[in-house]
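Throughout, read-outs are computed from the coordinates displayed, never taken from laboratory work. What you see is a predicted model, and the numbers here were worked out from it, not measured in a lab. Cβ: placed from backbone, ideal geometry, glycine included. Neighbour counts: every protein chain shown.
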Amino acid sequence: MFTRRSFVRSAAASLAMLAHTDGNANPTVSRRVRRSVEHGRPLYEFQYGQISLQSDLHQTQLKQTHSVLMNLSEDSLLRPYRLRVGLPAPGCDLGGWYSSDAFGAETFGQWISALSRYYAISRDEGTRAKVDRIIRMFAQTVEPTGKLFGDPTVTKGPAYMYDKLACGLMDAHQFTLQPTALKVLADVTGAVMPQLPDRVPTDDLYGAHETYTIPENQFIAWQRGGDSRHLDMAARYMHHAFFDPLSRGENVLARRHAYSHVNALCSAAKAFLVLGDDKYLRAAKYGFAFVEEQSFATGGWGPNETFLPNPGSPQLGTAPIHTLGDSLSVTHSHFETCCGAYAHFKLTRYLLRTTKDPSYGDSMERVMYNTVLGASPLLQDGRSFYNADYHFSDGRKSYFDGYFGRFPFAWPCCSGTLPQMAADYHVSTYFHDVDGVYVNLYVPSTLAWQQQGVPISLAQSGDYPIEDTVSITVAPARPCVFSVRLRIPSWTTRPSISINGKRVATPAAGTFATLTREWRQGDRIELELPRRLQLKAIDSGQPNIVAILYGPLVLFSIDAHAGQLTRPQLLAARRPDSQGSEWHVNVAGGRLRLVPFWAIKYERYSTYLRVA
Ligand SMILES: [Zn+2]
């Protein structure tokens with residue numbers, strides 16, 4: 001049973017372990033743990049505002065989610081919190097997961113985060129002002145006993161809500177310079193501490209409370225100037241029962257809630273950057289490798305929001321999903337798209353930065369094009385895309401139905417992560433080190449930065465991923481020596497790079513190609529990433545159930561076909577319009593149309609096909 005005394009005792013133990021760097025109590029530890037130092041010489045992220053994306057798909061998602069959040073009534077946003085502390089609560093209930101009396105209105109913190117990141121990208125004054133107003137009003141609902149967290153028998157519990165609030169308030173502090181966000185977070189932190197367990201409960205496999213996702217945002221809060229309680233909480237909620245075996249290469253994913261445990265891996269990756277302990281990096285790397293082993297061709301994972309049991313383990317209970325292949329005919333819930341992709345992007349960003357391994361960029365790209373970028377738009381009434389559906393005979397895009405009405409459907413968790421995701425494409429596209437820039441995602445975009453004091457802009461254009469060619473124009477204010485590194489995906493065959501029309505490199509697939517030279521205004525890079533159609537089996541037990549891949553894209557069939565298909569038939573798919581995004585497979589009596597995920601609206605589709 002948790003008591004205030006046990007909290008104080010565990011806090012003291014954690015402090016003894018980590019020490020307060022603020023007070024420099026322990027010079028050895030404080031040398032190891034400093035706010036501004038990241039271990040492992042990672043690549044750096046750019047600021048949100050240094051990157052602008054010109055891709056219609058990305059921009060539409062950013063503007064559309066932003067417009068929904070901007071149109072939300074502020075009284076409605078505050079209503080659940082005001083009611084909990086007995087303040088006048090005018091306005092309507094938003095309903096669904098944001099009802100006053102259901103769940104916890106947890107998306108509040110995520111929406112503040114998304115609006116703050118949007119402001120960092122756009123400098124839109126209306127957005128900054130809205131964040132400022134909402135936080136000032138929210139501050140009135142924060143009192144020392146933490147009534148704002150509501151009744152824990154009704155809500156998902158204070159840990160989940162607090163984690164989202166910490167993220168939002170720190171983003172408001174960092175990106176909009178909201179003057180009271182840091183103080184509000186300090187008060188919220190004081191209010192939540194007595195309500196939290198003193199460590200991660202070991203039986204929380206299915207994410208009932210998700211205390212194990214807390215450390216990532218606590219490390220960030222501390223790095224951005226929050227007080228030392230955040231470092232203490234980060235240490236206290238590290239999920240040792242999960243990370244220790246993972247760090248030894250033991251797969252302990254089985255039957256855990258999928259999204260929240262990938263989120264926990266983000267805490268491990270962040271812990272390595274802050275604390276420098278290799279164990280956490282190994283846990284994140286092995287953990288992600290195990291996730292990839294049980295991923296669909298789209299890059300999505302976690303059918304029915306659960307990781308698969310380990311191969312060969314006995315079937316437990318009545319759970320019918322033992323392999324990815326099983327899942328195709330028994331559920332429509334194959335990947336919790338917005339939350340899953342958001343966590344996937346965070347984790348692969350950490351791992352790419354730390355290892356400089358381009359396969360993490362390949363993985364990010366796969367998830368982007370085949371899942372979240374094709375999510376149906378968030379609607380003003382709270383309808384939200386949730387599950388990607390890879391059902392064998394009857395896949396379709398639909399809005400979350402609360403798992404057949406068992407939960408409210410409006411404003412689910414994914415309505416919080418989609419707006420954050422839409423902002424985070426920006427910081428996932430480019431990275432840098434002291435030598436220059438890494439181009440990770442090939443998206444029409446512009447990057448502005450300084451290299452040795454020289455202002456430089458870099459612009460990408462082209463119709464990738466439909467076409468094979470990416471064009472990049474480099475424009476330093478004056479001639480300047482630096483490196484441009486280009487991710488060469490593992491799926492490409494015979495890639496090549498030209499500068500100003502002259503071929504300069506034929507890099508290997510699965511590397512970063514390095515171009516170091518004195519760059520001049522208008523230098524133009526042409527990157528060719530040729531590819532062939534490939535078939536990928538759902539799992540090793542069912543090699544004749546395949547997805548059709550074209551580089552990073554899965555091609556989804558939008559025509560039903562009753563007859564027998566063959567591998568050569570599928571591999572002969574061709575585009576009738578060589579610039580278009582529709583492929584045709586000739587079959588007896590007609591054709592099968594194949595399209596990328598983003599091109600599907602209301603059509604029934606098949607992600608996997610059975611071949612002879
Ligand atoms: Zn979700």
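Tabulated data
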read-out: Relative packing of 397-405, 158-166, which averages over residues the other C-beta atoms within 10 Å, highest first; value: 158-166, 397-405
read-out: Protection-proxy order for peptides 517-525, 416-424, 187-195, each taking the mean of Cβ atoms within 10 Å per residue, highest first; value: 416-424, 187-195, 517-525
read-out: Disulfide-incompatible cysteines by the Cβ rule (no partner under 4.7 Å) in the chain; value: Cys92, Cys167, Cys266, Cys339, Cys413, Cys480
read-out: Efficiency of FRET between Asp394 and Asp468 - r from beta-carbon atoms, R0 51 angstrom, step 0.05; value: 0.95
read-out: Gyration tensor (alpha-carbon) shape descriptor, segment 447-532, a/c threshold 1.5; value: prolate
read-out: Convex hull volume per residue in cubic angstrom - Cα atoms of segment 208-347; value: 111
read-out: Cα-based shape type of segment 52-201, given that a ≥ b ≥ c are square roots of the gyration tensor eigenvalues and the cut on a/c is 1.5; value: prolate
read-out: Taking Ser267, Ser329, Ser122 and counting other C-beta atoms within 10 Å, the order from fewest to most; value: Ser329, Ser122, Ser267
read-out: Given charges at Cβ of Lys, Arg, Asp, Glu: the chain dipole, positive-most of Gly104, Gly395, Gly207; value: Gly207
read-out: Under the Karplus curve 6.51 cos²θ - 1.76 cosθ + 1.60, θ = phi - 60°, whole-Hz ³J(HN,Hα) for segment 526-543, x wherever Gly or Pro sits; value: 10, 10, 9, 10, x, 8, 10, 5, 9, 10, 10, 6, 4, 7, 5, x, 9, x
read-out: For segment 213-296: Kirkwood Rh in Å [reciprocal of mean 1/r, alpha carbons]; value: 12.8
read-out: Evaluated at q = 0.11, 0.18, 0.24 Å⁻¹: base-10 log I(q)/I(0), Debye formula over Cα of segment 489-580; value: -0.50, -0.94, -1.29
read-out: Cα gyration tensor, segment 294-399 - rounded (a/c under 1.5), prolate or oblate; value: oblate
read-out: Amide hydrogen neighbours beyond the local backbone of Phe392, cut-off 5 Å, H modeled; value: Ser329
read-out: Between helix 258-275 and the chain: long-axis angle, C-alpha atoms, 0 to 90°, nearest 10; value: 70
read-out: Gain on full stretching of the segment that runs from Asp151 to Ala612 - 0.36 nm per residue minus C-alpha separation; value: 160.4 nm
read-out: Among Ala186, Ile134, Thr153 - extreme Cα towards positive end, dipole of segment 124-209, charges at beta-carbon; value: Ile134
read-out: Over 19 Å [Cα-Cα, segment 251-325], rounded percent; value: 38
read-out: Once the Cα gyration tensor of segment 359-471 is diagonalised, semi-axes √(5λ) in Å; value: 35, 17, 11
read-out: Computed P(r) (all Cα pairs; segment 121-261; 5 Å bins; percent); value: 2, 10, 18, 20, 18, 14, 10, 6, 3, 1
read-out: Residues Cys338, Cys413, Cys480, Cys92 arranged by fewest to most Cβ contacts within 10 Å; value: Cys92, Cys480, Cys413, Cys338
read-out: nm² value of the averaged projected area, convex hull over the Cα atoms of segment 534-612; value: 5.4
read-out: Footprinting exposure proxy for Thr469, Thr566, Thr213 (fewest neighbouring C-beta atoms within 10 Å first); value: Thr566, Thr469, Thr213
read-out: For segment 599-610, 3J(HN,Hα) per residue [Karplus equation, 6.51 cos²θ - 1.76 cosθ + 1.60, θ = phi - 60°, Hz, x = Gly/Pro]; value: 7, 8, 10, 10, 5, 5, 9, 10, 7, 10, 10, 8
read-out: Coordinate range along principal axes, alpha carbons of segment 172-238, Å, largest first; value: 40, 20, 19
read-out: Between helix 56-70 and the chain: long-axis angle, C-alpha atoms, 0 to 90°, nearest 10; value: 30
read-out: Column: log10 I(q)/I(0), Debye, Cα scatterers of the chain, q = 0.06, 0.08, 0.11 Å⁻¹; value: -0.31, -0.57, -1.11
read-out: Separation between Cα centres of segment 469-525 and segment 64-97, rounded to whole Å; value: 49
read-out: More than 17 Å apart - percent of Cα-Cα pairs taken over segment 154-208; value: 45
read-out: Around Gly302: net Lys/Arg minus Asp/Glu count, Cβ-Cβ under 14 Å; value: -4
read-out: Long-range amide H partners of Leu515 with built H, under 5 Å; value: Val484, Arg485, Leu486
read-out: FRET efficiency, 1/(1 + (r/R0)^6) with R0 41 Å, evaluated for Arg494 and Val454 via beta carbons; value: 0.75
read-out: Along principal axes, Cα extents of segment 223-269, largest first, whole Å; value: 36, 21, 14
read-out: Links that overshoot a 18 Å alpha carbon limit, given the list Lys164/Lys346; Lys285/Lys346; Lys130/Lys270; Lys397/Lys536; Lys164/Lys270; value: Lys130/Lys270; Lys397/Lys536
